[in-house]
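Novice: Provided herewith is a single structure, encoded as structure tokens, for subsequent inquiry.
The numbers here are math on the coordinates, done by the rules we state, and not lab data. Owing to the predicted nature of the structure, the values given are computational and were not obtained by experimental measurement. Neighbour counts are summed over all protein chains in view; Cβ atoms, including those assigned to glycine, are modelled from backbone coordinates with ideal geometry.
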């Protein structure tokens with residue numbers, strides 16, 4: 001049995017064929033293997049070893065053509081439609097890598113933003129601790145009016161601390 005010439009367009013074979021399915025640990029092993037790569041010939045794992053004529057494949061090798069067509073159909077899909085990465089061809093793998101890089105960049109940006117927010121929140125907490133500590137150790141006259149004024153004029157924590165310090169000192 002000479003095997004079966006791979007029914008695949010040679011212009012797209014090297015970029016589109018999902019070679020990872022031939023990994024022995026793949027659960028999607030196609031049931032055939034390559035005998036030559038130039039031109040690509042395949043032989044069924046159940047090949048009889050002989051056929052009726054020297055140019056035609058045995059029945060097992062001939063039946064593999066259907067499996068190859070199904071695999072080729074998967075390679076035409078967008079990578080987002082292919083559920084199993086073992087069936088990705090080279091182009092689909094590159095698309096998946098690009099998508100993952102974009103996700104990594106988004107996560108990096110999110111991390112940077114969270115770090116900035118955390119730093120800002122820590123500064124705010126430090127300022128409010130300073131206000132509470134000052135109010136706990138000093139009796140500020142007219143404090144209730146200062147709270148009202150701070151809310152209506154939207155004072156920052158620093159300005160509020162300056163104003164209560166000035167009120168305590170009588171300025």
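Novice: Efficiency by 1/(1 + (r/R0)^6): what FRET value for residue 22 and residue 106, r their Cβ-Cβ distance, R0 = 41 Å, to the nearest 0.05?
Specialist: For residue 22 and residue 106, the calculated efficiency is 0.75.
Novice: GNM, the chain, Cα, under 10 Å: largest mean-square fluctuation among 129, 101, 27?
Specialist: Comparing 129, 101, 27 in the GNM, the peak value goes to 129.
Novice: For Kirkwood radius over Cα pairs in Å, the listed values are (1) 22.5; (2) 18.1; (3) 16.9; which was obtained by calculation from the structure presented?
Specialist: (1)
Novice: Hey, for a label at residue 93 modelled as a point 7 Å past Cα toward Cβ, could you say which residues of segment 1-38 have their backbone N under 15 Å away?
Specialist: Output list for this probe position: 13-26.
Novice: For the chain, what does -39500 (n - 2.57) per DSSP helix run (n ≥ 4), summed and divided by total residues, give at 222 nm, in deg cm²/dmol to the nearest 500?
Specialist: Numbers: 5 runs with 97 residues, N = 171.
One gets -19500 deg cm²/dmol as the mean residue ellipticity at 222 nm.
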